[in-house]
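Since every read-out is calculated from the coordinates, none of them should be taken as a lab result. Just so we're clear, the structure is a prediction, and the values are computed from it rather than from any experiment. All Cβ positions, even for glycine, are placed from backbone atoms using ideal geometry, and neighbour counts span all protein chains on display.
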Amino acid sequence: MLILTCPVCGVRAEETEFHGGGEAHLKRFGPGSSEEDFQEYLFMRENPRGVHFERWRHAYGCGKWFHAARCTTTLEVFGTYPAQTLEPPKDLRAKISKKRPGWTWRSLT
Amino acid sequence: MSSPVSALGGASFSEGIARIDEVALQGMITLRGDLSDPVVQKTLKPFGDGDLPAAGEARIEADRGLAWMSPDEMLVLCPYAAAAETVAALQEALGDAHALVVDVSDARASFVVSGPQARDVLAKLCPVDFSPAAFSLGMFRRTRMAQVPAAIWPRQDGALQLICFRSQARYVFDLLSVAAQAGSEVGMHVQG
């Protein structure tokens, strides 16, 4: 079971109070983009063993979206951060590097 | 003119380890807007006794007060009969501020769970730490109650009060009644 902390309202709760929203930090390619970009955006998702970044929504609480960094094998949550960011904050990435040296996720390390 | 009725007509359950009472007609007004806006804050302050609840908090006395729902939503509690005039007063006070005020009294139902084992009854249904130390007077928690959303706060009299959607009132009442059935003591947070 995941224990997540909503960065919006500060509530620390288990995952049934939240709803997963899939992979984080996707760049949308819509009308006018190349077929390769669109196909990549629409279908291609990371399915890592280890460090993963996801979107979550505090569905039963404040109702807001946020981001979470977690490990898919141990379910350890490294941290949560606001939805209004394009990439994980530096301090969180440093924290993950300490716990999982050499991790990679898409273009992030 | 028709007279308003609560969802379950004031249902109650008392043959178990805690007492459950439906709260008859509670006035509830949702204010959506930027809670950091000075105009919004000034408008809301009188309802919270001159003070605004921070995240996860409420300032509720009996049937009046404020509860923090989310960064852009505050719940205003008032007597049922005063809801319409309170909405008008809020809208007047907000003026041109970007905000939405809606009377949701009839869209919700409210219950009081009382008795020494009230916290245990709710703890069976919600993924929340209901120990008196972790959930004390002045706090307000929106969470999941079995399969539906609910918002819970401790009252001055030691009981816990919750609100849920009106359409789910029967489900919530049945849930609470089963969780409070006789012989189902847990003994985690027995009070008094």
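Quick look at the values:
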{"item": "Enumeration of residues in the stretch B:72-93 that are touching an Asp or Glu at 6+ places or on another chain (Cβ under 9 Å), hydrophobic (A, V, I, L, M, F, W, C) and buried (at least 18 other Cβ atoms within 10 Å of the Cβ)", "result": "B:L77, B:C78, B:A83, B:V87"}
{"item": "The stretch A:7-32 - residue that is within 14 Å of another protein chain (Cβ to nearest Cβ) and outside any loop (DSSP other than H, G, I, E, B) and, of those, nearest to the chain's Cα centre (by Cα)", "result": "A:H19"}
{"item": "Odd one out for B:L176, checked against (1) surrounded by fewer than 18 Cβ atoms within 10 Å (Cβ to Cβ); (2) touching a helix residue (DSSP H, G or I) at 6+ places or on another chain (Cβ under 8 Å); (3) of a type outside the set (F, W, Y)", "result": "(1)"}
{"item": "Tally, over the stretch B:25-49, of residues that are in contact with a strand residue (DSSP E or B) (Cβ under 9 Å, 6 or more places away or on another chain) and not in a helix (DSSP H, G or I)", "result": "13"}
{"item": "Strands (runs of 3 or more DSSP E) within the stretch A:37-109 that include 1 or more residues within 14 Å of chain B (Cβ to nearest Cβ), under 29 Å from B:E73 (Cα atoms) and in contact with a Pro (Cβ under 6 Å, 6 or more places away or on another chain)", "result": "A:65-71, A:77-82"}
{"item": "The stretch B:42-54, subset surrounded by 16 or more Cβ atoms within 10 Å (Cβ to Cβ) and without any contact (Cβ under 8 Å) to a residue 24 or more places away in the chain, residue farthest from the other protein chains (Cβ to nearest Cβ)", "result": "B:G48"}
{"item": "Some residue of the stretch B:116-123 being in contact with a helix residue (DSSP H, G or I) (Cβ under 7 Å, 6 or more places away or on another chain) and either surrounded by 15 or more Cβ atoms within 10 Å (Cβ to Cβ) or charged (D, E, K, R) (or both)", "result": "yes"}
{"item": "When residues of the stretch B:55-71 are limited to those that are surrounded by fewer than 21 Cβ atoms within 10 Å (Cβ to Cβ) and small (G, A, S), the one nearest to B:R141 (Cα to Cα)", "result": "B:G56"}
{"item": "Members of the stretch B:62-104 found to be within 14 Å of another protein chain (Cβ to nearest Cβ), in a loop (DSSP other than H, G, I, E, B) and closer than 18 Å to B:I163 by Cβ, listed by number", "result": "none"}
